[in-house]
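Novice: I'd like to ask some things about the structure below.
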Amino acid sequence: MSKYTLYTFGGSVWAAAPGLAVLELGLGDAVELKTVNLAEGENFRPEFLAKNPHGTLPTLETPGKNLTNTAEVIDFLVKNAPNKVKAGNPDFIKEIHEDKYDPNFAFLLARSDAELAAKAGGFPGHFLANRQRALEEQSARPEAAPYKAFYEEKKKANGGLLAIFQGKVPAEAKEGFFKTSHAHFENVKKYLYEVLPKHLPSSGPFLGGAQPGEDDFHLGAWLTRIAAVSGAQKPEEAAEKLAASFGAPVPERVLAYWDAWVVRPSWKEVYDGGCH
């Protein structure tokens, strides 16, 4: 079996998805994990952009080609694994990665001055500031010249968010961010409470059947991040924290799915027993 290199980070929602896949698929000996610290902006180093010009995780190095998005990374792992699982539904995978359900923006959104202040003084604010610092530093290196357009776009986008968090934008810009955050929160709530239960099987427990399949690696990572941004640090806190955040008890089918994931050794290893 060929040896692959998976670039990952413990705090990345979508890097966790192939992390689950590697363990469930029996690929541990075939995949070398290398950490790229997103919290310090290491993904913006020109050396990493040479591997993935999008500067994102996960990234999988395979013989002859680098795979640079979650769907293609997991698809490759599933097709090249000793443990066979149910193949994914392309429509479902596309759906869970739609911008309106983005778990990364769920981490950053703020719907009020109080929520914005809390996030600005916590990890989200530090994360944005570190990213901006890294973008400025890395874009100034001679090796960064081929990626000038990438850096300019990222500095503008991240800098705009950072300015909101630092209170350096007009009131209307902040209110626009609150409005966008409200809409995103409601989209995530609708998915969790209305769309997702229709996908989950009554027998299950997983979309893949008795064992997690390709779709489950995506959904398990997404659901864990939503639990984390709702305040759950430990898996047993998820039901209470999600209900408190969204204002209603979580559907039983979703909770059953969650309970099936968090007892698996793969989930415990990837998340080290805690949600992120």
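The values are calculated or read from the model by the stated rules, or taken from the named source; none is laboratory data. As the structure is a computational prediction, the values presented were derived from the model and not from experiment. Cβ coordinates were reconstructed from backbone atoms using ideal geometry, including for glycine residues, and neighbour counts include every protein chain displayed. All accessible areas refer to the heavy atoms of the entire protein, side chains included, with ligands and DNA or RNA removed. Shrake-Rupley method; radii C 1.70, N 1.55, O 1.52, S 1.80 Å.
Novice: Given a 1.4 angstrom probe, what's the average accessible area per residue across the chain, in square angstrom?
Specialist: 47
Novice: Take the Cα radius of gyration of the chain and divide it by 2.2 N^0.38 Å, with N its residue count; two decimals is plenty.
Specialist: Here the answer is 1.02, to two decimals.
Novice: Grab the alpha carbons of segment 136-193, take their convex hull, and tell me the volume per residue in Å³.
Specialist: Value for segment 136-193: 116 Å³ per residue.
Novice: Work out how much length ALA171 to LYS148 would gain on full extension: take 0.36 nm times their residue separation and subtract the Cα-Cα distance, in nm to one decimal.
Specialist: Numbers: separation 23, 0.36 × 23 = 8.28 nm, distance 3.14 nm.
Value of the extension gain: 5.1 nm.
Novice: Okay, next question. Just to verify a number: FRET efficiency for LYS179 and GLU240, C-beta to C-beta distance, R0 = 35 Å, to 0.05?
Specialist: The computed FRET efficiency comes out at 0.75.
Novice: Another question, then. From the helices alone, meaning DSSP H stretches of at least four residues, give me the mean residue ellipticity at 222 nm for the chain, per-run term -39500 (n - 2.57), in deg cm²/dmol to the nearest 500.
Specialist: -16000 deg cm²/dmol
Novice: With a 10 Å radius around each residue's Cβ, average the other Cβ atoms per peptide and rank 211-222, 95-106, 72-83, highest first.
Specialist: Per-residue Cβ counts within 10 Å, averaged per peptide and sorted highest first, yield 211-222, 72-83, 95-106.
Novice: How far is the Cα center of segment 1-37 from the Cα center of segment 219-276, in Å?
Specialist: Value for the Cα centre distance between the two parts: 21 Å.
Novice: What is the Cα convex hull volume of segment 148-276 when expressed per residue in Å³?
Specialist: On the way: hull volume 19.2 nm³, N = 129.
Convex hull of Cα atoms, per residue: 149 Å³.
Novice: Hey, with R₀ at 22 Å, roughly what FRET efficiency would LYS3 and GLU72 work out to, going by the Cβ-Cβ distance, to 0.05?
Specialist: Efficiency, from the Cβ-Cβ distance: 0.75.
Novice: Still on this model: Grab the Cα-Cα distance for GLU98 and ASP113, subtract it from 0.36 nm times how many residues apart they are, and report the gain in nm with one decimal. Can you show the working numbers first?
Specialist: Numbers: separation 15, 0.36 × 15 = 5.40 nm, distance 2.72 nm.
Residue separation times 0.36 nm, minus the Cα-Cα distance, leaves 2.7 nm.
Novice: Let me ask something additional. Would you mind getting the Kirkwood hydrodynamic radius of segment 1-96 from its Cα pairs, rounded to one decimal in Å? List each step's numbers first, then the result.
Specialist: Numbers: mean 1/r = 0.0735 Å⁻¹.
Result for segment 1-96 stands at 13.6 Å.
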